[in-house]
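Down below is the structure, laid out as structure tokens.
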Amino acid sequence: MEKEIINQIEIRSVSKQFTIDRKKVDVLNDIDLDFKQGEFICIVGASGCGKSTLLRMMSGLEPIETGKIIIGGEEVTAPTLKTGMVFQESRLFPWLSVEKNIEFGITTAGKNKKSAESKKELVNNLIRLVGLKGFEKALPKQLSGGMQQRVSIARGLINNPEVLLLDEPFGALDAITKINMQNEILRIWETEKKTMVLVTHDIDEAVYLGDKVIVLSSRPGSVRKIIHVDLPRERDRNSHDFAAVRYKIYKEFFKDAKIKELEYYI
């Protein structure tokens, strides 16, 4: 009988140090978290608190030296098909078309298993999913920033991962494009039923997207607070309830600030 997987992601006593100029720098300290299948998780914290490092450890791109991370019942020791990754920069190959950039994400194992026809169908399905029908042959330089990130999201989904990890994917976009892309990633999340973990500096973005918001302390990052966002979707950014959740998160960032000072930031 197969063991039941209660949590999609389990992070157990994870700490991290970097060596900079022959000195040890603590980046993360004793992180313990559980994420259920299908949840949309947002991680926020000050610059340098280890948010992106934690995400890279979940993807297997950064070695885990202290503690362990388990995804889908298996401990992460290297990059795995269980996760897809989307970075802040689109990281597209400028000489490849949209469809070829997406296809490039298929792993060697996947390429051996898939026929040319099935690969083409898979790529076309993802192009439709991310709203780029008609741009299959376009080069990255012919796309807007938001469209380039749509290609990156499609590439992150190409191997049908259980978990999609997003490292500030909308951080470099203008305000209107960012809002549009937030709505797009919600649509994809609702369609694909993937567990998504997004790192962001944008607290409004975290409240708008997340089922849970994980607030990390300043370096070394530790879990300061887990805030459940019990708001219906679609969420109204101007509502009193939205502002109340945002206020809870700001309080964690400015614990020693006076209330009037805190209201200035809100």
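This table checks each residue for (1) in contact with a Ser or Thr (Cβ under 7 Å, 6 or more places away or on another chain); (2) modelled with pLDDT under 95; (3) of a type in the set (S, T, Y).
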| site | (1), (2), (3) |
| --- | --- |
| L173 | no, yes, no |
| I176 | no, yes, no |
| I179 | no, yes, no |
| T195 | no, no, yes |
| I203 | no, yes, no |
| A206 | yes, no, no |
| K212 | no, no, no |
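Of H240, H228, all but one fail to be surrounded by fewer than 16 Cβ atoms within 10 Å (Cβ to Cβ), under 19 Å from the mean Cα position of the chain (by Cα) and not β-branched (V, I, T); the exception is H228.
Tell me, please, whether a residue that is in a helix (DSSP H, G or I), at pLDDT 95 or above, farther than 25 Å from V76 by Cα and touching a helix residue (DSSP H, G or I) at 6+ places or on another chain (Cβ under 8 Å) can be found in the stretch 221-239. Within the stretch 221-239, not a single residue is in a helix (DSSP H, G or I), at pLDDT 95 or above, farther than 25 Å from V76 by Cα and touching a helix residue (DSSP H, G or I) at 6+ places or on another chain (Cβ under 8 Å).
Report, by residue number, each residue of the stretch 37-55 that is modelled with pLDDT under 95 and of a type in the set (D, E, K, R). Passing the criteria: only K51.
For the stretch 25-92, the strands (runs of 3 or more DSSP E) that sit wholly inside it and include 3 or more residues that are over 21 Å from E192 (Cβ atoms) and touching a residue at least 24 places away in the same chain (Cβ under 8 Å) are 66-71.
The values are calculated or read from the model by the stated rules, or taken from the named source; none is laboratory data. Note that this is a predicted model, so its numbers are computed, not measured. Cβ coordinates were reconstructed from backbone atoms using ideal geometry, including for glycine residues, and neighbour counts include every protein chain displayed.
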